[in-house]
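Here's the structure, in structure tokens; my notes come after.
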Amino acid sequence: MVMGSLQKVVSKQETSLDPVTFEVLKNGFVNLVDQMAEQMLRTCYSFVIYNRDFSCALCDAEGNTVMQGTHDISVHVGTLHLTAKAVLEDFKGDIHPGDVFLVNDPYRGGTHFCDTRVVLPVFYGGKLIAFMQTNGHWADVGGSNPGSFDVKSRDHFGEGIRIPPVRIYSRGEYLSDVVNLLISNMRVPKERLGDLRSQVEAAKVGQRQLLELIDKYGIDTVLTAFKEVQDYVERLTRKKIESLPEGTWETVDYIDMDPELGDGLIPIRVKMEIKDNEIHYDLSGSHPYISCFLNAGYGAALSGLYAGTKTFFPEVPLNSGFYRVVKATLPENSVVNAPEPVAVTGFCSGAFEKIMNACFEIWSEIMPERAIACSFNLEYLLIGGYDRRDASNNYFMWYDWMAGGHGGRIDRDGANATSPVFGVGLSVQPCEGQERLSPVITTKHEIITDSGGPGKYRGGCGVEKGGVLTEVFGGVMSYCCDRSRSITWGIKGGLPSIPQGAVLHPGTDKEQFLGTIFSNIPMKKGDSFTRPSAGGGGLGDPLERDVETVLEDVIDGYVSIERARKDYGVVIREIDRDVDLYEIDYEATEKEREYIRKHRKDWLRVSPYEVEKMYKNGEIDQLDVIRRYGVIMDYTTNQVLVKSTEQYREAMMKRTLAYWD
């Protein structure tokens, strides 16, 4: 059905290429990008890149994206054309065969400093015809913290070395002095050099593949295909938009806080208008940039809008033709368009995924058949130091991200333990590989019971991952995360998930909740840690969930007996856990659901201070605080956050309570 509709769009338009040649070259461009990716995967030095935190692209001579591959990361793909254009802007008239450029500048359309791009111009007959681009997340690019994530940075000078477009090969000659200057300011420079070489060679693979297509089909045909695949995506996207109602929709999502301001969620306001077969986003009214690194630059925020929109059009290929249809207004000096030198390295956990989830909510109203609730927030835990397991005493970087739960869908539960919407192509890093490379042992990695937001369709479950340091010297730990306060939310009557945040020395007298953003915590041999990823938000009223399905959730360990009663109103008795034997008390369930229906709106109006008191007295637990009362607390102090609660409750009233009628 999809293929038929795609072919119809092509056949209705006048094109210079016959349909067969068009399809062959269109898919040939995808294969070309995938071949670059395969080269990077097989030759990279960094374990981070090996686990697919990288993307590639084919761009035309003007820097426009001609095609992405099949496994690229959503946050990268909406910015790679901007990087190519930055190279053209800085080196106009001074680009030659054999040149290669390097750039990681988030203020020139990039994302953050770790995402380092190699841009290789391709010539044919002495004329510039294309750019090959490979983007890899380097595990460290310098700065004050191992991993180049410093929460305390107010500007980019503490976040790592900033690389505007710079030439690293000139007419085929490798400029070792330039490269050495850059990597000498990074930790583990040999690994950085290895990743650089991998990316250069991957770009050359793309160049060879393109020249082979030109040899087979001719330069004019291939250049025509460059244009026509972009035109095709534009036509197809406009055709999809044409079938949707015109109008304006808006919502708001939040970053947890500005550390300098304290209590108060940081709003990211997203308004979208469909008019004349175009989509226009306006993020005016979003908060000014904040005093930590969770801000987004222009390119990263724009990419969030592209990715959030593209999620609802999975059948549409992605290139600059798509970008012609999706326009955006991003207010200057804001958390969604931070100027240099404002810190932006943590954008991925901050503004970016809030933009994506806000888009999800808007599009869930327009296209309810594809509705999805909020998904868990991307997080990075970084540990650096000297590896004392042998005499080499090498510096190591343990750079970890987790899977988590996606939001409930319109007709099914959210996916459990899945890569973040930031980049669903990311792999979950194998513990065995991490333990071989670093003196950090994984002590647990398991799905968290009750982490999925309750709903008629439950949010996917999150994961807890813990570890302990072994032979390490001079170790430090940093964390980039969010949603300990702006907790992953449900829609259409669904309930929230759980708060995120890291814990030091779990299960001991020294246990300490560190929250979601911190840097340079000293770590030594024997120190342990753990942290959860949230589940997804629920979709639909939890009291409408089939009772037998709730029972299956209990048997599978996704929901506890206690939360089955409190969240779903389903009373379940355990008979024999060893053989998964439970039974539903249908009469008690009916009474429990009626009790919840009668009181749940009032629970959301109870004084936050009264809720704090009940929590401290042990009368209610953390999930009661969040799901029943909509109260936000600082779990480092167990104090209620009044302003954050007011904001969170207001959103919960619209997304959840309004649908209970």
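The values are calculated or read from the model by the stated rules, or taken from the named source; none is laboratory data. Quantities reported herein were computed from a predicted structural model and do not represent experimental measurements. We place every Cβ from the backbone using ideal geometry, glycine too, and count neighbours over all the protein chains shown. Accessible surface areas use protein heavy atoms only, side chains included; no ligands, DNA or RNA. Shrake-Rupley method; radii C 1.70, N 1.55, O 1.52, S 1.80 Å.
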TODO: Tally the DSSP beta bridges in the chain and give the antiparallel ones as a percent, rounded to 5.
DONE: 95 percent
TODO: For region 57-134, give the percent of accessible area contributed by carbon and sulfur heavy atoms, probe 1.4 Å, rounded to a whole number.
DONE: 51 percent
Open item on the list: I want the local charge near Tyr395. Using Cβ-Cβ distances under 14 Å, sum +1 for each Lys or Arg and -1 for each Asp or Glu among the other residues.
Closed with: 0
Open item on the list: Going by amide H atoms built from the backbone, whose H comes under 5 Å of the H on Ser484, apart from near neighbours?
Closed with: Gln500
Task: Above-threshold pairs, the threshold being 28 Å between Cα atoms, out of Lys152/Lys354; Lys613/Lys654; Lys271/Lys643; Lys92/Lys275; Lys190/Lys510 - done: Lys92/Lys275; Lys190/Lys510
Open item on the list: Distance between the C-alpha centers of region 486-541 and region 357-427? Whole Å please.
Closed with: 13 Å
- [ ] Enter the accessible area of Ser74 (Å², nearest 10), with the probe set to 1.4 Å and all protein chains included.
- [x] 30 Å²
- [ ] Rounded to whole Hz and in sequence order, give me ³J(HN,Hα) for region 486-495 from the Karplus expression 6.51 cos²θ - 1.76 cosθ + 1.60, θ = phi - 60°, writing x for Gly and Pro.
- [x] 7, 4, 2, 9, x, 9, 6, x, x, 10
Task: Estimated translational D of region 52-101 in µm²/s (Stokes, Kirkwood radius over Cα pairs; 37 °C; 0.692 mPa s) - done: 280 µm²/s
- [ ] Based on the mean of other Cβ atoms within 10 Å per residue, sort peptides 600-611, 575-586 so the most packed one is first.
- [x] 600-611, 575-586
Task: Hits among lysines - C-alpha to C-alpha of Lys227 under 16 Å, sequence gap 8 or more where chains match - done: Lys26
Task: Calculated FRET value between Thr221 and Glu89, using beta carbons and R₀ = 41 Å, to 0.05 - done: 0.90
- [ ] Could you please state how large a percent of the accessible area of region 233-303 is carbon and sulfur, counting protein chains only and using a 1.4 Å probe?
- [x] 46 percent
TODO: Restricting things to alpha carbons, find the Rg to Rh ratio for region 28-126 using the Kirkwood radius for Rh.
DONE: 0.95
TODO: Quick one: pull the percent of accessible area on region 325-400 belonging to carbon and sulfur, 1.4 Å probe, ligands and nucleic acids left out.
DONE: 44 percent
- [ ] Could you quote the convex hull projected area for region 70-184, Cα atoms only and averaged over all directions, in nm²?
- [x] 7.9 nm²
TODO: Could you work out the Kirkwood radius for region 204-352, taking every pair of different alpha carbons, averaging 1/r and inverting it, reported in Å?
DONE: 17.4 Å
TODO: Give me D for the chain in µm² s⁻¹, whole number, from Stokes-Einstein with Rh from the Kirkwood sum over alpha-carbon pairs, 4 °C and 1.567 mPa s.
DONE: 50 µm²/s
Task: Calculated [θ] (222 nm, deg cm²/dmol) that DSSP helices of n ≥ 4 give over the chain, each run adding -39,500 (n - 2.57) - done: -10000 deg cm²/dmol
Task: Under 17 Å from the Ser560 label point (7 Å along Cα→beta-carbon), backbone N, region 443-461 - done: 446-454, 461
Task: Simple label model, 7 Å out from Cα along Cβ direction - Asp390 to Lys127, nm - done: 5.4 nm
Task: Largest-first ordering by accessible area, 1.4 Å probe, given options His445, His137 - done: His445, His137
Task: Å² of accessible area per residue within the chain, as computed with a 1.4 Å probe and no ligands counted - done: 38 Å²
Open item on the list: How large is the accessible surface of Met67 in square angstrom, using a 1.4 angstrom probe and rounding to the nearest 10?
Closed with: 10 Å²
Open item on the list: Need one number: % antiparallel among DSSP beta bridges in region 265-328, to the nearest 5.
Closed with: 60 percent
Task: Rounded to the nearest 10 Å², the accessible area of Glu89 at probe 1.4 Å - done: 130 Å²
Open item on the list: Between helix 19-43 and the chain, what is the angle of the helix's C-alpha long axis to the longest principal axis, kept within 0 to 90° and rounded to the nearest 10?
Closed with: 70 degrees
